[in-house]
Amino acid sequence: MTDLWWKSAVVYQIYPRSFADADGDGMGDLRGVIDHLDHLAGLGVDVLWLSPIYPSPQDDNGYDISDYQDIEPIFGTLEIFDELLAGTHARGMKLIMDLVVNHSSDEHPWFAESRSDKTNPKRDWYWWRPAREGMEPGTPGAEPTNWGSAFGGPAWEYDEKTGEYYLHLFSRKQPDLNWENPEVREAVYEMMNWWLDRGVDGFRMDVINMISKDTSLPDGRVQPGSSYGDGAPSFINGPRIHEFLQEMHAKVFAGRDAMLTVGEMPGVTVEEAKLFTDPDRHEVDMVFQFDHVWADRGDDPWLLVPMQLTKLKAIFNRWQTGLAEAGWNSLYWNNHDQPRAVSRYGDDSPEHRVASAKMLGTVLHLQRGTPYVYQGEELGMTNFPFRSIADFRDIEALGHYAQAVDREGRSPEEVLTVLRARGRDNARTPMQWDSSDHAGFTIGTPWLAVNPNYPEINAAAQHDDPDSVYHYYRKLIELRHTEPAVVDGDFTMLLPHHEQLYAYTRRLGGTELLVVGNFSGEPVTAEIDGWSDAALVLSNLPGEDGLPADGGLTLKPWQAVVYRRSV
């Protein structure tokens, strides 16, 4: 295995709470993952990424960690984790953990000590500040800065015991760790080494580009329609971020073989990503960025903006060309924070769901970068038909609903319309394994309702159907494993101004691939010269190649085709 083995790999993200429940308590668990390892091995993926499974009060579904070196009891035990790790390795796959070290839970012993007394040795392990000068502590507007939390409300929580505020960029139960303190960094590195010594193959690092902050903590600019200032310029890619990541690499990953490090980095630019992922700089292997999943967002977060294909293509093209010579990107449509891709970018109607799910996979997986499959994506799972706010469980959705309706005076239906389309719970509904009760996810009551379309969309049915989304994803993954042009070839965007077709080529040596996807429910014809004698590699519509002898290209609704030629 080379240091860059992950360039030809495919990663599968597991959200354990919603993957499979083996003990009937309604929550997914590690035993449930073990029971379905053959589904994942059969798909052909190389790496499993587990969303957090550490002990947690579950304020943010495990992204609020109270013990970094154990397993949350609802998921299992360290012994069961070791069994999962062994089973994963036995099937030729690797396993990476979710690393959440921008913040901990407020129930972590570190924070309990930090808030106990201003003179406690761990006081400086978190960001504590007094009230704004001249303001009464605990009163509105007295917060040290005007920053807003990602989950709604201020980013500072007043602590009556010590009379100061602590910073939380997310939930108030997720206080930010102070990476300026070298003791914090050493404790984190010790913990990471503990997991790697246990056999874990790397980490996906949650919001890792937020760990360095401008220590002056200036107020942020208040955006129109917002009650709070934008603190992002003070904590996105902060002044010491490269130093911290290089130190982490030296103290954790240096000398270890075949590790994978993925940095989730909201707001990262292409130029910054080059620095983070340049192998010679020893920071992270690849970035997980958000530009393409923010393409259908407007200035008003409660206004749905239709996805414009030319805008989406321009974003992908910027990343493909920007990292062509150095750096590496993660390719994804879905994760635990995004709605279902087939409902967002495709067509989830019974007529077009299968074709559009396959088309989206085709366009994504054959670009340069490491593709990620989020659980259920390989089945073409769809968004959930939420009826009211009572159907949601996500802290972000509930917080934004309260802020928009109660404090900003927006209508409940206006807010619900956006949450139905964009809410994170769309991705968190239980995995649909078969057509039995609760989709085979649990024999108990699921923590979040199962999508009612599970009798038609489930893994058991797709395993038996050679034309299913599952088997098509197997072909895509195999193509990445066997065709060097997919991994290392040059990328050239075609038809950049076409509003329905997504087309590009990948070229390496004497081989060139043409990839075209129709992002519409209508037949589309375009002229793409020089491919009339090419060999069809893949089509998401059996028996349909779309390429007549004269070189014109006609694609049916939501069709995707891949051709290969020698050059």
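Read-outs throughout are calculated quantities, based only on the coordinates presented, and are distinct from any laboratory measurement. Because the structure is predicted, anything quoted here is derived from the model rather than measured. Don't worry about glycine lacking a Cβ; one is built from the backbone with ideal geometry, like all the others, and counts go over all protein chains shown.
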Positive-end residue of Leu448, Gly42, Pro496, charge dipole of the chain with Cβ unit charges: Pro496
Whole-Hz ³J(HN,Hα) for each residue in segment 265-276, computed from phi via Karplus 6.51 cos²θ - 1.76 cosθ + 1.60 with θ = phi - 60°, x for glycine and proline: what do you get? 9, x, x, 6, 9, 4, 5, 5, 4, 4, 5, 5
What is the magnitude of the charge dipole of the chain about its Cα centre, with +1 placed on the Cβ of each Lys and Arg, -1 on the Cβ of each Asp and Glu, and no other charges, expressed in debye to the nearest 20? 900 debye
With just the Cα atoms of segment 490-566, tell me how far they stretch along each of the three principal axes, in Å, largest first. 36, 27, 21
Estimated FRET transfer efficiency when R0 is 51 angstrom, pair Trp5-Asp299 (beta carbons, to 0.05): 0.75
Applying the Karplus parametrisation 6.51 cos²θ - 1.76 cosθ + 1.60 with θ = phi - 60° to the phi angles of segment 371-388, what ³J(HN,Hα) value in whole Hz is obtained for each residue in order, glycine and proline being reported as x? x, 10, 10, 8, 3, x, 4, 6, 9, x, 4, 10, 4, 8, x, 5, 9, 8
If you filter segment 371-452 for GluC sites (Glu not before Pro), then keep DSSP loop positions with at most 16 other Cβ within 10 Å, what is left? Glu408
Sorted by chain and then number, the residues having a modelled amide H within less than 5 Å of the amide H of Val101, at least 5 places away or on another chain, are Asp206
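Ignoring everything except DSSP H segments at least 4 long, calculate the 222 nm mean residue ellipticity for the chain; use -39,500 (n - 2.57) per segment, divide by total residues, nearest 500.
Values: 18 runs with 151 residues, N = 567.
So the helix-based figure for the chain works out to -7500 deg cm²/dmol.
To make sure I understand, if each residue's beta carbon is the centre and we count other beta carbons within 10 Å, what order do Tyr15, Tyr401 fall in, fewest to most?
On the way: Tyr15 24, Tyr401 21.
Least crowded to most crowded, the residues run Tyr401, Tyr15.
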State the answer as a single residue: which of Gly409, Ala112, Val200 lies farthest towards the positive end of the charge dipole of the chain, with beta carbon charges of +1 for Lys and Arg and -1 for Asp and Glu, about the Cα centre. Gly409
Need one number: nm distance between label points at Asp25 and Lys311, each 7 Å from Cα along Cα→Cβ, rounded to one decimal. 4.4 nm
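List the longest stretch of the chain that has no exposed loop site; here a site is one of the trypsin sites (Lys or Arg not before Pro) assigned by DSSP to anything other than H, G, I, E or B, with at most 11 other Cβ within 10 Å.
Working: sites that count: Lys161, Arg387.
That would be 162-386.
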In order through segment 308-320: 3J(HN,Hα) via Karplus (6.51 cos²θ - 1.76 cosθ + 1.60), integer Hz, x for Gly, Pro: 9, 4, 4, 5, 4, 5, 4, 5, 4, 5, 4, 6, 5
Using 23 Å as the Cα-Cα cut-off, could you pick out the over-long pairs in Lys122/Lys173; Lys94/Lys313; Lys213/Lys311? Lys94/Lys313; Lys213/Lys311
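Between Arg91 and Asp124, 0.36 nm times their residue separation minus their Cα-Cα distance comes to what?
7.4 nm
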For Leu95, residues with placed amide H under 5 Å, excluding near neighbours: Leu48, Asp201
At what distance in angstrom do the alpha carbon centres of segment 453-467 and segment 1-73 lie from each other? 22 Å
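Let's test the formula: R0 of 22 Å, r as the Cβ-Cβ distance of Glu413 and Asp230. What FRET efficiency results, to the nearest 0.05?
That gives a FRET efficiency of 0.20.
Which of the GluC sites (Glu not before Pro) found in segment 453-501 are in a DSSP loop and have at most 16 neighbouring Cβ atoms, other than their own, within 10 Å?
Working: sites: Glu456, Glu478, Glu499; in loops: Glu456, Glu499.
Those satisfying the criteria are Glu456, Glu499.
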Which value does Rg/Rh take for segment 105-176 over its C-alpha atoms, Rh per Kirkwood? 0.95
Given just the C-alpha atoms of segment 1-146, how large is their convex hull per residue in cubic angstrom? 176 Å³
Roughly speaking, what is the centre-to-centre gap between segment 357-389 and segment 202-216 when only Cα atoms are used, to the nearest Å? 27 Å
Amide H of Ala150 versus every other amide H placed in the peptide plane: which residues, excluding those fewer than 5 positions away on the same chain, fall under 5 Å? Phe170
Mind checking the full-extension length gain between Gln223 and Arg387? Use 0.36 nm per residue of separation minus the Cα-Cα distance, one decimal, nm. 56.0 nm
